[in-house]
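Chemist: Quick one: this structure, given as structure tokens, is what I'll be asking you about.
The values are calculated or read from the model by the stated rules, or taken from the named source; none is laboratory data. Only a predicted model underlies this, so the values are computations on that prediction, with no experimental measurement involved. We place every Cβ from the backbone using ideal geometry, glycine too, and count neighbours over all the protein chains shown.
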Amino acid sequence: MHAIRAASAAVLSLTALALTAPSAAAEDSESFQVSVEPTTIAAGGQVRLNASGCAKKTTVSSGIFDTVTLGKGSASQSVAVDWDAKQGALYSVTFTCKGKSGSTRSVDLTIAGGRPVHPDVPHPPPADHGVKAGIGGSIAGFDLKEIGFGAALITGALGTAYYLVRRRTADDNS
């Protein structure tokens with residue numbers, strides 16, 4: 001009878017130990033927090049890598065910058081994004097905690113076009129260049145018939161004006 005009780009106590013103890021071990025690892029894993037600032041950057045720009053909650057060093061890797069090792073606890077470091085990063089592409093930045101749990105976290109980093117945008121620097125308003133004036137559509141679509149008809153109207157108007165002016169002077173002389 002004592003053997004059954006001892007075996008039951010041993011099984012119960014092992015079960016309790018097995019059920020509490022994953023929660024301790026999960027607690028260590030949940031305290032490991034990471035971030036990348038900003039999450040959208042131009043090729044050649046600087047990003048800040050942040051990690052906290054890792055008892056050992058944190059390794060950060062991505063295809064757009066060299067592998068970086070951050071200190072234990074709460075640490076951060078700035079790195080330059082490679083100039084050959086493809087504009088508009090989404091790259092994964094992987095943080096690996098070298099602690100007991102070996103937790104891994106990933107953050108997406110988007111490559112924007114142009115130069116880096118700094119939200120704290122105000123952008124000047126666009127310059128006012130005035131109205132785009134010019135010849136517009138007056139030259140487009142030369143049509144020989146329209147040009148001939150316009151020339152005939154002008155010639156007719158000038159001829160009529162000349163005739164009326166000459167006729168009055170002739171009437172005035174008589």
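Residue-by-condition table, conditions (1) touching a helix residue (DSSP H, G or I) at 6+ places or on another chain (Cβ under 8 Å); (2) at pLDDT below 85; (3) loosely packed, with under 12 Cβ neighbours inside 10 Å; (4) not basic (Lys, Arg):
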residue	(1), (2), (3), (4)
Ile64	no, no, no, yes
Ser78	no, no, yes, yes
Tyr91	no, no, no, yes
Thr94	no, no, no, yes
Lys100	yes, yes, no, no
Val131	no, yes, yes, yes
Ala140	no, yes, yes, yes
Tyr162	no, no, yes, yes
Asn173	no, yes, yes, yes
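Chemist: Here's a follow-up. What are the residue pairs meeting all of these: first residue in segment 76-88, first residue part of a loop (DSSP other than H, G, I, E, B), second residue aromatic (Phe, Trp, Tyr), Cβ atoms under 8 Å, and 6 or more apart or on different chains?
Modeler: Val81/Phe65; Asp82/Phe65; Ala85/Tyr91
Chemist: Could I ask something else about it? Of all residues being outside any strand (DSSP E or B) and farther than 26 Å from Lys86 by Cα in segment 45-62, which is modelled with the highest pLDDT? Just the residue, please.
Modeler: Lys57
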